[in-house]
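Engineer: Got a structure here, written out as structure tokens. Questions coming.
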Amino acid sequence: MTTTLSSPATTKTLEISPAADSAPDSWVPVCEESRLTPGRGVAALLPDGRQVAVFRDRTGRLYAIDNRDPFTGAQVLSRGLVGSADGRPFVASPLLKQRFDLETGRCLDDDEVAVAVYPVRSK
């Protein structure tokens with residue numbers, strides 16, 4: 001008889017701080033970390049009704065931005081293509097292809113446009 005020892009699977013949860021001026025303990029759970037595929041996004045609904053797009057890049061780094069495409073008003077950024085330009089990670093909107101910096105929210109194709117960025121952590 002052979003006995004195999006295994007440790008229990010641990011499920012990590014991704015959390016987002018919904019506002020920059022929130023208290024440090026105001027993190028909101030949005031999804032299990034295992035739901036993220038590197039290079040793809042997932043949409044999550046915050047308690048106040050806002051949608052966020054959460055991403056993991058191919059190096060494992062996590063990002064969260066508004067899911068609303070400011071050019072069309074559609075909640076689609078989570079379905080965009082993740083890439084990098086000049087070392088900056090971005091997501092390209094699946095509709096009109098504008099690119100949004102995942103660290104700053106700034107549109108790389110129109111300096112006057114940006115989306116909100118949210119702190120994200122795995123716990």
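Engineer: Which whole-number percent gives the relative contact order of the stretch 10-89, counting Cα pairs below 8 Å spaced six or more residues apart?
Structural biologist: Relative CO of the stretch 10-89 lands at 21 percent.
Engineer: With +1 on the Cβ of every Lys and Arg and -1 on the Cβ of every Asp and Glu, and nothing else charged, how large is the dipole of the stretch 13-83 about its Cα centre, in debye rounded to the nearest 20?
Structural biologist: Computed about the Cα centre, the dipole is about 400 debye.
Engineer: Which percent of Cα pairs goes in each bin when the distances of the stretch 24-64 are cut into 10 angstrom slices starting at zero?
Structural biologist: Each 10 Å bin holds this share of Cα pairs: 28, 53, 19, 0.
Engineer: Based on the alpha-carbon set only, what is the convex hull volume of the chain divided per residue, in Å³?
Structural biologist: 137
Engineer: Still on this structure, I have one more. Work out the length of the dipole vector of the chain about its Cα centre, built from +1 on the beta-carbon of each Lys and Arg and -1 on the beta-carbon of each Asp and Glu, and round it to the nearest 20 debye.
Structural biologist: I would put it at about 540 debye.
Engineer: What does the charge add up to near Ala85, with Lys and Arg as +1, Asp and Glu as -1, over the other residues with Cβ less than 9 Å from its Cβ?
Structural biologist: Result for the local shell: 0.
Engineer: I'd like the distance separating the alpha-carbon centroids of the stretch 40-55 and the stretch 76-123, in whole Å.
Structural biologist: The two parts, judged by their Cα centres, are 14 Å apart.
Engineer: Further, regarding this structure: Taking the C-alpha atoms of the stretch 54-122, how large are the radius of gyration and the largest Cα-Cα span, Dmax, in Å?
Structural biologist: Answer for the stretch 54-122, Rg first and Dmax second: 10.9, 32 Å.
No value in this document is a laboratory result; all are computed from the given coordinates. For clarity, every value in this text was computed on a predicted model and none was experimentally measured. All Cβ positions, even for glycine, are placed from backbone atoms using ideal geometry, and neighbour counts span all protein chains on display.
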